[in-house]
Structures are given as C-alpha cells and as structure tokens.
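What follows is calculated from the coordinates using simple rules that are stated; it is not laboratory data. Computed from a prediction, not measured in an experiment: that's the story for all the values here. In this analysis, Cβ positions are derived from the backbone assuming ideal geometry, glycine residues included, and neighbour counts consider all displayed protein chains.
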Amino acid sequence: MKRLAFILLFVLLIALFTTGCWNRRELNTLAIQLGTGIDKIGDQYKLSVQVVDPGEVAAAKSSSTERSPVVMYKATAPSLFEAYRTMTVNSPRKIYGSHIRVLIIGESLARDGIDKVLDLFSRDAENRTDYYIMIARGTTAESVLKILTPLEKIPANKLFASLDTSSKAWAPTTAFTLDKLISQMVTEGQHPVLTGVIIKGEPKLGETQTNIKQIEPSATLTLSDLAVFKGPRLIGWLNRDESKGYNIIMDNIRSTASNIACPNGGSITLELLRSKTKVKGKVISGEPTIHVQVKTEANIAEVNCKLDIQDPMTIKYLENQAMQKTIDLMKKSVKTAQTRYNSDIFGFGQAIYRSDPKYWSTASKHWEDLFSQLQVKYKVEFFIRRTGTTGNSFVQDIKG
Amino acid sequence: MGSGSAQHRNHINLFREALGQSPDLIIREMKISNTVPAAILYMDGLVDVQSLHDFVIKPLMSVKFKDLNVVLPSKQNLLELLVEEVLGAGEMEISGNSEELIKHLLSGNAILLLEEKRDCIRIKVAGLEERNVTEPLTQSVVRGPMEAFTENSQTNIALIRRKIKDPNLWLESSSIGNVTQTKVSILYISSIASDKVLNEVRARLKKINIDGILESGYIEEFIQDKTYTPFPTVYNSERPDTIAAGLLEGRVAIVVDGTPFVLLVPGLFIHFFQSSEDYAQRSDISSLIRLMRYLAFCIALFAPSLYIAITTFHQEMLPTSLLINLASQREGVPFPAFIEALLMEVTYEILREAGVRMPRTVGQAVSIVGTLVIGQAAVQAGIISAVMVIIVSITAISSYVMPSGSMSISVRMLRFIFMGLAASFGIFGILIGIFGLIFHLCNLSSFGIPYMSPLAPFIAQDQKDTLFRLPWPRLLTRPLLVNKKNIKRQKQVK
C-alpha cells in the first residue's frame with residue numbers, strides 16, 4: 001500500500017514537470033491583441049495588430065487623455081509567425097493572442113486564398129477560436145483596423161459586437177468563427193462565405209482622435225454583405241437580398257425585418273421571430289434535387305398602408321405575400337451562386353451526400369456542373385402571430 | 001495562641017510548612033465545648049467565608065457535649081460525631097492522608113483538626129469568585145440559546161445536565177497535571193455513546209503526564225490522532241447546546257476546569273461546518289447557509305491562488321473585457337501578482353493579530369491606520385491593485401463564515417501554500433495541491449472514525465445532515481459511524 005502511494009506520488013511529481021505549455025506572465029507584460037489584420041504585399045504577409053492600451057480603456061478613468069485607446073503594430077515577413085516575432089522590435093511587450101476578437105483579411109489576399117494564413121491561428125496553443133473573421137471589402141485589413149470608433153473604444157471590439165448583434169437581429173450578416181470557417185472549407189460539397197467590412201467615409205480622417213469627437217464620425221466601419229468563396233479563394237460578393245436568401249437557407253436567421261408591399265401602395269414590415277429551415281437532398285433516378293423547407297413565425301412590426309389587418313383574410317394574404325417573398329429571396333441567392341459564381345455555398349452537395357452517399361461518390365467529381373443545373377424545390381410556411389400593441393394603424397384615420 | 005498539646009501544634013505546623021508558611025493559609029483555633037482544642041484551616045479566598053462561618057465555625061462553637069446524648073464522648077468517635085451531628089456543610093470526609101488533604105485544602109476545602117487525632121475532617125466550602133454565565137463570545141447565533149460555558153467546570157457540567165435530564169448522562173472525573181491538578185471530566189450518554197470511542201478517550205487521557213493543564217487546548221493536542229496536520233480533529237465549543245447536541249449524537253465531551261471551551265470527540269470535517277443555529281432555523285435556509293459555508297471555505301482557501309494563477313498563467317480564461325480591466329489596474333504595479341498577494345495577505349494577518357492582541361483603547365487607532373494604509377493609500381500609490389484588495393477582503397471575510405474558529409485557522413495557513421503553488425505552476429499547481437489536500441483529509445481520522453465521513457467513506461443515510469439538513473421529522477437516525485449502539489433518534493410517525 002505504501003509502495004503504491006509512493007509510486008502514485010512520483011507519477012504526480014513527474015506530471016508537474018512535464019506539462020506542455022505553461023508560462024508565467026504578468027498582466028502588465030502583455031500586449032493584448034484584440035484585432036488582427038492580414039494583407040499581402042508581393043509574396044510577403046503584412047501583419048497589422050491592434051493592441052489595447054489598458055490604461056486608456058479602464059472604466060475608472062473618466063477623463064480620457066489624448067492617447068489613443070489602441071495601438072497598431074505592423075510587420076512584414078514571409079510567414080505570419082515570423083511577422084509576429086518581428087513585431088517585438090517595435091512593441092515593448094510580447095503580443096498576446098488569446099483574446100483576438102476579429103481577424104480581418106484584406107480583399108486582395110482573400111482573392112489569392114486564405115488557407116495559408118489560417119494555419120497559424122488554428123495551430124497556435126495560445127489562441128482561442130471564438131473570434132470572428134471578416135473580409136476588408138475594397139480596402140486593406142490594415143486600414144480597417146486604423147479607424148477609431150465611438151461608443152466602443154476598441155475598434156476590434158466594435159467590429160465583434162456589431163457582427164454579433166447584427167447576426168442575431170438582421171438577416172444579411174452572418175458570424176463566422178475560425179473553426180466554423182475551417183470546417184466549411186474542408187467539408188465536401190460546401191464552400192464558405194464570410195461577412196465583409198467596409199470603411200464608410202474618409203479613411204484618412206478616421207485615423208485621428210477627431211474622428212470620435214464628432215457626432216457623426218468622418219469614417220465608420222460598417223458590415224457589408226457576404227463574400228462568396230470557392231475553396232479558399234474569394235470570388236465575389238452577394239448583394240443584400242442574396243445574403244438574406246443565403247442565411248434563410250442556412251438556417252442562420254434568428255430575427256430580422258422583412259418588408260411586404262401593400263396592394264394599394266405603402267408597405268407592411270414584419271418582424272421575424274423564429275425561422276427554421278431544413279435542407280434535404282434527394283436523388284430520384286440519378287437526378288439530384290434539393291428540398292428546402294422553411295417554417296417562419298413573425299409579428300407585424302410596422303404598418304404604412306391602408307390595410308385592415310384585423311381581418312383574418314388580410315393576414316392570410318400577408319402570409320402568402322411573405323411566403324412568396326421568402327421563396328424569391330432564396331431563389332435569387334441560389335441563382336447567383338449557381339450561375340455567377342458556381343460555388344456551392346449552401347452545402348447542397350453535402351445534403352446529397354448525406355442522403356445518397358453512393359450517388360455522391362460518382363457525382364462529386366463533376367459536382368460543379370451538376371450544381372449549376374441543380375433543381376431546388378422550396379416549401380415555405382409563414383405564420384403571422386401577433387399584430388403588435390394596436391390593431392389597425394392610425395394612419396388610416398388621419399383626417400383630410 | 002497557645003492552647004493544645006505539642007502534638008497538636010506539630011500537626012498544624014505540618015500543613016503550614018507544606019505550604020511554605022504561606023500567609024494565605026488561615027488557621028482558626030478554638031476549643032470545642034470548652035474541652036477539645038481544635039483548629040480550622042482554610043485558604044483565604046478559596047472558600048466562601050459566609051458558609052464556613054454558618055455551617056462550620058458557628059456549630060462548632062456553640063455545641064455543648066452535654067446537649068448531645070453522650071455526656072463525655074469517647075475520643076475515638078468524636079470525629080464521626082461531629083460529622084454526623086454538628087457540622088452543617090454538604091460534602092465532607094474524614095481522612096488521614098495529609099497529601100490528599102493538602103490537595104483538598106487547595107481546592108476550596110476547610111480542614112478541621114482535633115487534638116490527639118491523626119485524622120482530620122475536610123469540609124467543602126469552596127466559594128471562588130467566578131464569572132457569570134454570559135452570552136457566547138466566539139460562536140454567536142441569532143436564534144438559539146444565549147448562554148456560554150464559564151471557567152468553572154462544575155457550572156459547565158450543570159449547564160449540560162440542565163439540557164439532558166437523563167440518568168444515562170454519565171460523568172468520569174480525574175485530575176490531570178502533576179502540579180495544577182486540573183479537573184478533567186469525560187461526559188457521555190452511556191446508552192448512546194460508542195464504547196470504542198469512550199475507551200479510546202479514557203486511554204488517551206490516562207497517558208497524559210504533564211505538569212500543568214491550563215486550557216482544553218493542552219488536552220486537545222495530547223489526544224488528537226495526528227499531531228502534524230493543519231486540520232482540527234477535536235471539536236471545541238463554548239456553547240452548552242452544541243455540546244448537548246454532540247452528546248445526543250453519541251459523541252463524548254471533555255470538560256476541563258478553568259476554561260469555557262469544552263471538547264467534543266470525534267470531531268469530523270463536517271462538524272466544523274455545522275452551527276447550532278442550523279438546527280434551530282428552518283431546514284431550507286439552514287441547508288442553503290450550510291452550502292454557502294462550504295463555498296466560503298473554498299473562497300477563503302482558493303481565492304488568492306486562483307487570482308494569481310489566472311492572471312499570470314491563464315489569461316485566456318478571462319472574458320476579454322475583464323482581462324482589459326484587470327490589466328489596466330495592474331499597469332504600473334511594481335510587483336508580480338504573487339508578491340502583491342503575499343504582501344496583502346501578510347499585512348492582513350498582522351492587522352488581525354494586532355486587532356486580537358492590542359488593548360481595547362488603541363483599537364480605533366490601529367483600525368484606522370489599517371484601513372487607510374491597506375485599503376486606500378496602497379492602491380492610490382499604485383503599489384497594490386484595487387482588485388487585489390477586493391480579493392484579500394473577500395478571502396478574509398469568507399474565512400470567518402465557518403462557525404468553528406479551528407477550521408478557519410487551517411484555511412488561513414493552507415491558503416499560503418496554495419498561493420505558492422499557483423505562483424509556480426498555475427491552476428495545475430492548485431490542482432496538485434487539491435489532490436494532496438484530499439489525500440491528507442482522507443488519511444485523517446478522529447478517534448478511529450474517518451475524518452471525511454460520511455463523505456468518504458460515503459454513507460448514504462448520513463447525507464441527511466451533511467451538506468444539507470433535512471427537516472427534523474426526516475432526521476430519524478443518529479450518525480451511523482459514530483454510533484453503533486443506539487441508532488434511532490425518533491420513532492417514525494406514519
């Protein structure tokens with residue numbers, strides 16, 4: 001018994017000294033990196049890192065000084081890891097990567113392929129994988145990270161929070177974390193998309209403190225619609241409706257607004273409460289088809305026309321209109337993917353594979369051709385549950 | 001003085017010399033019935049002068065042999081005669097053993113010497129100035145009895161007897177301490193207490209051979225199972241209700257004269273988390289509060305070490321905004337987190353010790369300096385981060401949540417070990433420490449009962465009063481391991 005205890009103790013002691021990665025670092029020796037941007041210059045990577053200056057962000061300090069809440073460090077090197085280490089020549093502290101909020105990839109690099117830059121982020125032990133990845137649309141990642149933002153002092157946090165909120169309340173955006181992106185890139189019969197970020201306004205003015213001293217900043221960061229990938233390469237962008245359609249098919253909708261035209265002018269806006277989409281693949285006599293089933297519940301949020309919404313028939317009519325609109329959105333999105341980009345961003349191939357693996361083994365080789373001709377059938381059930389706190393709009397009763 | 005024979009004088013001098021001619025030995029000489037020279041010896045201050053006068057001196061002075069049935073009593077049975085017919089006090093004894101008599105003299109007896117007799121009568125007329133029964137100072141409750149033990153073991157035993165009026169509440173007394181002759185009593189309910197534990201207590205007490213016992217802590221260190229452990233294996237309380245509850249569970253109480261702290265064995269880990277109030281309040285709130293005590297135990301033990309580990313090794317575990325907040329507080333702090341924590345914890349311990357030890361009059365000055373220096377100045381000067389002050393405060397407060405002071409002492413000591421482990425190995429180090437702690441705890445026992453029972457070994461039936469306390473109608477049995485003899489607490493009502 002004693003012997004056994006000693007052996008156990010010994011094993012535990014060995015364990016003490018054989019643990020992998022632990023490293024003692026005080027908080028004030030860390031440069032906490034919240035935003036990372038990657039661009040390509042020639043065949044070198046340009047890494048821009050947004051590091052927070054904790055003293056400037058702390059809640060306790062109400063009177064903010066003239067110092068910027070974040071600092072940017074840049075380095076150019078043939079590999080990202082090298083770039084990180086090169087950074088120590090101008091950063092007083094070692095860049096700490098566990099708390100990245102956003103990873104921004106320049107559009108030109110994305111068009112070349114993002115696969116090579118993601119390896120470091122998935123391999124490094126220090127990184128968490130819960131940050132969002134975005135594409136700097138029409139600009140470089142570096143310039144996106146240079147814009148100072150109001151309200152959220154840290155621009156990287158603002159991007160994270162924007163995407164987090166809007167992916168929950170607004171259909172055209174969708175949030176991608178690193179592991180989700182990688183899994184979509186390696187899954188057969190599926191191609192990824194990513195949300196884009198654009199600079200609105202004057203980028204040069206956005207880099208100074210004056211940008212956040214105005215009511216309306218000279219430059220703001222705005223989320224754009226979705227970027228379509230084929231494999232690791234960006235090949236184009238969806239527009240807003242197509243992005244919406246994409247998210248409906250992918251069951252990414254948590255809540256959004258949807259507009260329906262009234263028959264006699266004006267419009268009615270619906271607030272989507274719940275939406276559930278099922279995508280099923282079927283192969284009937286060698287012919288692959290996709291069935292998309294959507295079930296949506298909504299409330300009436302805004303009425304801007306003369307329509308008696310207390311009449312059940314009107315509700316039926318609105319439900320029909322909304323159903324038709326949903327189908328249109330999805331159709332548009334699928335059509336763009338099929339004809340313009342020929343990239344299976346919806347994972348239809350994956351759905352076919354799941355329903356008929358045997359068929360897939362032969363079809364996968366020429367899936368690109370099959371995808372562009374793929375039959376997609378839609379079935380939408382749309383329910384309007386409530387009309388808000390009033391019945392008919394007062395708009396109808398306004399005199400004159 | 002001068003009556004009586006030389007032999008009588010010698011007899012008196014024997015006592016006087018045994019006590020080194022001490023002036024507080026009072027010798028009152030008299031002649032009983034004008035014929036028999038006698039002397040009453042007592043220690044000044046140890047006897048109640050009033051009762052000595054009323055029940056001993058007065059009857060002796062007024063007795064006339066002719067009033068008694070014997071006209072001229074035979075000198076042989078004069079002592080018996082006095083005991084039987086004259087003296088009015090309660091406890092008395094005829095004895096010729098002068099060593100014994102001196103011991104009795106020193107514990108509040110008066111000794112009556114008669115001429116031409118080797119034997120004397122000792123009469124118990126003890127009357128020591130003593131403290132009243134007051135509210136407990138260390139284990140206060142909101143609901144429950146508000147009385148506490150005093151320094152007098154007789155009073156203490158009486159307080160327990162008042163709660164348990166059962167003939168089976170037995171008492172075994174002995175004196176321990178070659179010089180102090182301290183009265184140590186074992187108290188148990190014979191129909192419930194386990195004989196195994198009882199025999200063990202008797203045997204361990206018998207082994208003690210020391211010059212003096214001044215507090216029950218002496219006894220505790222002699223009779224505990226393992227000497228070198230930070231954890232207490234003997235429970236102590238100054239509350240009669242706590243001790244009575246322990247006796248009803250089948251445990252054994254040890255009352256030591258001269259201290260209000262009564263020992264209770266076996267003392268298991270869970271006992272130190274139980275307060276007598278748990279049983280007075282409703283079971284739901286008692287259970288929640290008991291859970292909170294375990295939580296506070298963990299906070300007191302781990303809070304500083306977890307802070308050190310997370311902020312110096314595992315920054316990725318913190319939410320980003322919290323990390324930035326903590327980092328901003330640490331900007332400019334010149335010490336590593338471990339040194340910072342150590343500084344604060346040691347400062348706190350010093351303040352605490354000073355607070356206990358210092359004269360009441362300077363208390364305010366010390367506490368003002370303490371709060372200002374640690375609470376404010378250190379943070380404002382940028383030497384200590386504000387969050388560290390919060391951590392140290394919550395740790396300090398948590399360690400006083402435990403109803404028993406002994407357990408909070410162990411926590412205070414172990415905390416520093418965990419801080420060291422956290423500073424060198426991070427959370428991994430803390431885990432190693434926890435493993436070691438669990439091994440140690442499971443290895444301990446108190447009077448043969450595993451220290452962690454009923455958690456390890458797990459006794460399902462005893463869970464009713466471990467982490468939770470079920471309502472009284474559900475507490476049907478006494479704790480099983482302590483108790484083999486008489487398990488049923490109540491008859492189940494259907």
What lysines sit close enough to residue B:165 to cross-link, taking a C-alpha to C-alpha distance under 30 Å and skipping anything fewer than 8 places away on the same chain? B:124, B:183, B:196, B:206, B:464, B:484, B:485, B:488, B:491, B:494
If each residue's Cβ is checked for other Cβ atoms within 10 Å, how do A:313, A:1 rank with the fewest at the top? A:1, A:313
Strictly greater than 47 Å: what percent of every Cα pair in the protein assembly as shown meets that? 55 percent
Compute from the Cα atoms of the stretch A:28-237 the Rg and the Dmax, the latter being the longest Cα-Cα distance, and quote both in angstrom. 16.5, 54
Between residue B:484 and residue B:460, 0.36 nm times their residue separation minus their Cα-Cα distance comes to what? 7.0 nm
Rounding to the nearest 20 debye, state how big the charge dipole of chain A is about its Cα centre with +1 on each Lys and Arg Cβ and -1 on each Asp and Glu Cβ. 740 debye
Round to a whole angstrom and tell me the spacing of the C-alpha centers of the stretch A:206-227 and the stretch B:96-168. 86 Å
Which log10 I(q)/I(0) values, to two decimals, does chain A give at q = 0.06, 0.10 Å⁻¹ under the Debye formula with one point per Cα? -0.33, -0.81
Give the calculated FRET efficiency between residue A:390 and residue A:216 to the nearest 0.05, with a Förster radius of 51 Å applied to their Cβ-Cβ distance. 0.95
Dipole of the protein assembly as shown, Cα-centred, from +1 at each Lys and Arg C-beta and -1 at each Asp and Glu C-beta, to the nearest 20 debye? 2540 debye
Label-point gap, in nm, between residue A:165 and residue B:339 - each point 7 angstrom along Cα→Cβ: 4.3 nm
Along the positive direction of the dipole of the stretch B:17-176 (beta-carbon charges: Lys, Arg +1; Asp, Glu -1; about the Cα centre), which of B:46, B:120, B:171 reaches farthest? B:171
Using helices alone, I'd like the mean residue ellipticity at 222 nm for chain B: each DSSP H run of four-plus residues gives -39500 (n - 2.57), total over residue count, nearest 500. -13000 deg cm²/dmol
According to a simple spin-label model (label point 7 Å from Cα along Cα-to-Cβ), what is the distance in nm between residue B:209 and residue A:328? 10.5 nm
Using unit Cβ charges (K, R positive; D, E negative) and no other charged atoms, how large, in debye to the nearest 20, is the dipole of the stretch B:115-226 about its Cα centre? 380 debye
Restricting to Cα pairs under 8 Å and 6 or more apart, the percent relative contact order of the stretch A:239-400 works out to 31 percent
Work from the charge dipole of the stretch A:28-237 (Cβ charges, +1 for Lys and Arg, -1 for Asp and Glu, about the Cα centre) and give the residue of A:232, A:69, A:50 farthest towards its positive end. A:69
State, to one decimal in nm, how far the label point of residue A:287 lies from the label point of residue B:317, with both points 7 Å from Cα in the Cβ direction. 6.0 nm
Between the stretch A:309-343 and the stretch B:338-390, what is the separation of their alpha carbon centroids in Å? 68 Å
Out of the DSSP beta bridges found with both residues in the protein assembly as shown, what percent are antiparallel (nearest 5)? 80 percent
Considering only DSSP beta bridges where both residues belong to the stretch A:283-400, give the percentage that are antiparallel (nearest 5). 15 percent
Can you pull the mean other chain C-beta count within 10 Å for peptide A:129-136? 0
In nanometres, the difference between 0.36 nm per residue of separation and the alpha-carbon distance of residue B:347 and residue B:77 is 90.0 nm
Would you kindly calculate the translational diffusion coefficient of the stretch A:215-301, applying Stokes-Einstein with the Kirkwood radius from alpha carbon pairs, for 4 °C and a viscosity of 1.567 mPa s, and quote it in µm² s⁻¹ without decimals? 80 µm²/s
Under the 0.36 nm per residue contour assumption, what length would be gained going from the current alpha-carbon distance of residue B:477 and residue B:248 to full extension? 81.3 nm
Residues of the stretch A:106-121 with backbone N under 13 Å of the label point set 7 Å from the Cα of residue A:185 along Cα→Cβ are A:106, A:109-121
Dipole of the protein assembly as shown [Lys/Arg +1, Asp/Glu -1 at C-beta], most positive-end residue of A:390, B:283, B:259: A:390
How big is chain B on each of its three principal axes, counting only the C-alpha atoms and giving the largest first in Å? 105, 63, 37
Relative contact order for chain B using alpha-carbon pairs under 8 Å, separation at least 6, rounded to a whole percent? 14 percent
Theoretical FRET efficiency, 1/(1+(r/R0)^6), r = Cβ-Cβ of residue B:195 and residue B:294, R0 25 Å, to 0.05: 0.15
FRET efficiency, 1/(1 + (r/R0)^6) with R0 22 Å, evaluated for residue B:179 and residue B:28 via beta carbons: 0.20
Sorted from largest down, what three extents in whole angstroms do the Cα atoms of the stretch A:28-153 have along their principal axes? 45, 30, 27
Only helices at least 15 Å long along their axis, Cα-based, and averaging 1.6 or more on Kyte-Doolittle count here, so list those DSSP H runs from chain A. A:2-17
Within chain A, helix-based [θ] at 222 nm, where runs of 4 or more DSSP H residues each add -39,500 (n - 2.57), nearest 500: -9000 deg cm²/dmol
Per principal axis, descending, Cα span of the stretch B:98-243 in whole Å: 59, 35, 30
For the stretch A:264-400, take the convex hull of the Cα atoms, compute a quarter of its surface area, and give me that in nm², please. 10.4 nm²
